[in-house]
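Since the structure comes first, as structure tokens, the remarks are kept for the end.
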Amino acid sequence: MTAIDQALTMLSDCGPEFAFGLSNHGPMAAEALCALGRDEAVEDWVARYRKRLLDRPRNVARIAPESWVDALGELQRVSDWEDFFAVELDVMPWAEVLEKWVPRLAPGMMSGATHGLIRTAHAVRSLAAEENASRRAELVAGLAYWAARYQMLPGIPGHAEPRRPSEGIAAVPIMPVELRSRRAPSISEAVRELDRFPPFAAVVNLAAPGEDLSAFISDLTATMAVRYLENAGSASIAYVHTVTAPSALRMIAAHLTPETGRLGARYAWQAAAAIHSRSHHAHPVELPAELPSPEDLIDRAVFSGDEHAIKFTEACLREYALNPDPAFLVAPLDMCGRYGRKIRDVVN
């Protein structure tokens with residue numbers, strides 16, 4: 001059994017959240033470790049992480065094909081959504097399920113702080129490599145979480161000429177600190193505050209992809225990696241998702257029509273901009289004189305044991321391979337130093 005299939009088996013009876021709304025990162029981080037070439041670390045990492053998770057919740061009621069809209073955003077029905085998507089995968093190839101459902105779910109891309117998209121994308125990457133029951137079930141779980149935590153942001157994509165995020169980011173209105181709650185319980189609840197911040201509704205049209213979707217995603221992830229560094233500290237975790245979410249879209253784009261991929265990019269930009277608008281509180285940044293190597297970053301991420309550090313490192317290195325912006329190396333270096341296991345923990 002491969003490392004990812006072992007991990008998915010170990011996690012198969014777990015629910016999508018734990019501890020008052022934290023997303024279950026187990027399948028995503030395990031798949032990221034495999035992508036980083038560290039299969040040998042997966043089983044022990046999953047065994048430790050598994051201890052904090054909750055069981056899969058009970059079903060509530062069947063979701064009928066003609067009334068699925070009514071169940072969007074109802075977390076208590078996540079197991080119903082899993083049963084619903086399991087049927088979808090029984091009647092059509094998984095890539096057709098993606099093409100059918102990504103346009104329906106894209107407006108709710110903030111789902112679970114973007115983890116609906118991210119979990120779906122990690123599942124797609126492993127399923128594209130080898131199709132089997134455990135990987136199909138993980139795709140079902142990703143789509144179900146996306147639907148059950150569906151969360152729309154203010155603003156609907158309208159006509160917009162192609163414009164890169166690096167050109168639009170300066171125009172994103174930043175929510176004044178005095179309008180933000182002092183202790184939002186989650187990223188999702190923090191960005192929900194934008195519902196009462198009217199200027200944000202125009203943001204979705206400040207950037208839009210042209211024919212080259214890959215270039216748009218590269219520009220968006222690089223732009224947000226820099227914003228991660230400018231806001232590293234209390235907003236580190238939030239800004240991680242401004243990179244990992246659009247990078248996750250890249251992982252599924254090859255299985256979508258160009259039109260659907262571009263629609264997803266519009267909403268990925270909106271989600272990243274929402275986190276930026278709600279969380280931005282910048283400080284000066286100075287890049288290190290010597291950049292870390294990819295292998296050093298992988299070692300640090302694995303050593304940290306932190307799920308965000310692992311996923312962020314994998315996404316940044318994947319983006320760096322396409323666009324060698326130094327921010328893709330410095331951002332995960334910072335993240336690995338802030339979270340998870342530290343060298344001092346070993347020394348002490």
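The values are calculated or read from the model by the stated rules, or taken from the named source; none is laboratory data. Being a predicted model, the structure only gives us computed values, none of them experimental. Methodologically, a virtual Cβ is constructed for each residue, glycine included, from the backbone with ideal geometry; neighbour enumeration extends over all protein chains shown. Protein only, heavy atoms only, side chains kept; ligands, DNA and RNA dropped before computing areas. Shrake-Rupley method; radii C 1.70, N 1.55, O 1.52, S 1.80 Å.
Restricting the first member to the range 279-294 and to residues that are farther than 24 Å from Arg318 by Cβ, and the second to residues that are at pLDDT 90 or above and open to solvent by 80 Å² or more (accessible area, probe 1.4 Å), the beta-carbon pairs closer than 9 Å and six or more apart or on different chains are His281/Val177.
Residues in the range 23-67 that are surrounded by fewer than 15 Cβ atoms within 10 Å (Cβ to Cβ), within 24 Å of Arg149 (Cβ to Cβ) and not polar (S, T, N, Q): Lys51, Arg52, Leu54, Asp55, Arg58, Val60, Ala61, Arg62, Ala64, Pro65, Glu66. Please tell me if Gly108 is touching a strand residue (DSSP E or B) at 6+ places or on another chain (Cβ under 8 Å), over 22 Å from Leu11 (Cβ atoms) and open to solvent by less than 30 Å² (accessible area, probe 1.4 Å). Yes: the conditions hold for Gly108.
I need a count of the residues in the range 297-336 that are open to solvent by 50 Å² or more (accessible area, probe 1.4 Å) and either in a helix (DSSP H, G or I) or touching a Pro at 6+ places or on another chain (Cβ under 6 Å) (or both). Residues flagged as open to solvent by 50 Å² or more (accessible area, probe 1.4 Å) and either in a helix (DSSP H, G or I) or touching a Pro at 6+ places or on another chain (Cβ under 6 Å) (or both) within the range 297-336 amount to 6. Inspect the range 86-100 for any residue being over 23 Å from Ala133 (Cα atoms), modelled with pLDDT of 95 or more, assigned to a helix (DSSP H, G or I) and not β-branched (Val, Ile, Thr) and give the result as yes or no. Taking every residue of the range 86-100 in turn, none turns out to be over 23 Å from Ala133 (Cα atoms), modelled with pLDDT of 95 or more, assigned to a helix (DSSP H, G or I) and not β-branched (Val, Ile, Thr). In the condition set (1) surrounded by fewer than 20 Cβ atoms within 10 Å (Cβ to Cβ); (2) at negative phi; (3) modelled with pLDDT of 95 or more; (4) not polar (S, T, N, Q), His283 is compliant with all but (3).
Each row is one residue, and each column tells you yes or no for (1) in a loop (DSSP other than H, G, I, E, B); (2) under 21 Å from Ala113 (Cβ atoms); (3) touching a Phe, Trp or Tyr at 6+ places or on another chain (Cβ under 6 Å).
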| residue | (1), (2), (3) |
| --- | --- |
| Gly158 | yes, no, no |
| Ser166 | no, no, no |
| Ser188 | no, yes, no |
| Leu194 | no, yes, yes |
| Val204 | no, yes, no |
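Set side by side, the residues Leu220, Leu249, Leu229 differ, and just one is more than 15 Å from Asp325 (Cβ to Cβ) and not charged (D, E, K, R), which is Leu249. Pairs are defined by a Cβ separation below 9 Å, a sequence spacing of at least 6 or placement on different chains, a first member in the range 143-156 that is under 12 Å from Thr120 (Cβ atoms), and a second member that is assigned to a loop (DSSP other than H, G, I, E, B) and among the polar types (S, T, N, Q); the pairs so defined are Tyr145/Asn24. Listed conditions (1) open to solvent by less than 20 Å² (accessible area, probe 1.4 Å); (2) closer than 29 Å to Ala238 by Cα are all met by Val97, apart from (2). Restricting Arg341, Arg266 to those that are of a type outside the set (S, T, N, Q), farther than 19 Å from Val226 by Cβ, free of Cβ contacts under 8 Å to residues at least 60 places away in the same chain and open to solvent by 20 Å² or more (accessible area, probe 1.4 Å) reduces the list to Arg341. Does Trp81 satisfy the condition of being at pLDDT 95 or above, more than 19 Å from the chain's Cα centre (by Cα), over 23 Å from Trp269 (Cα atoms) and buried (at least 24 other Cβ atoms within 10 Å of the Cβ)? Spelling it out, Trp81 is indeed at pLDDT 95 or above, more than 19 Å from the chain's Cα centre (by Cα), over 23 Å from Trp269 (Cα atoms) and buried (at least 24 other Cβ atoms within 10 Å of the Cβ).
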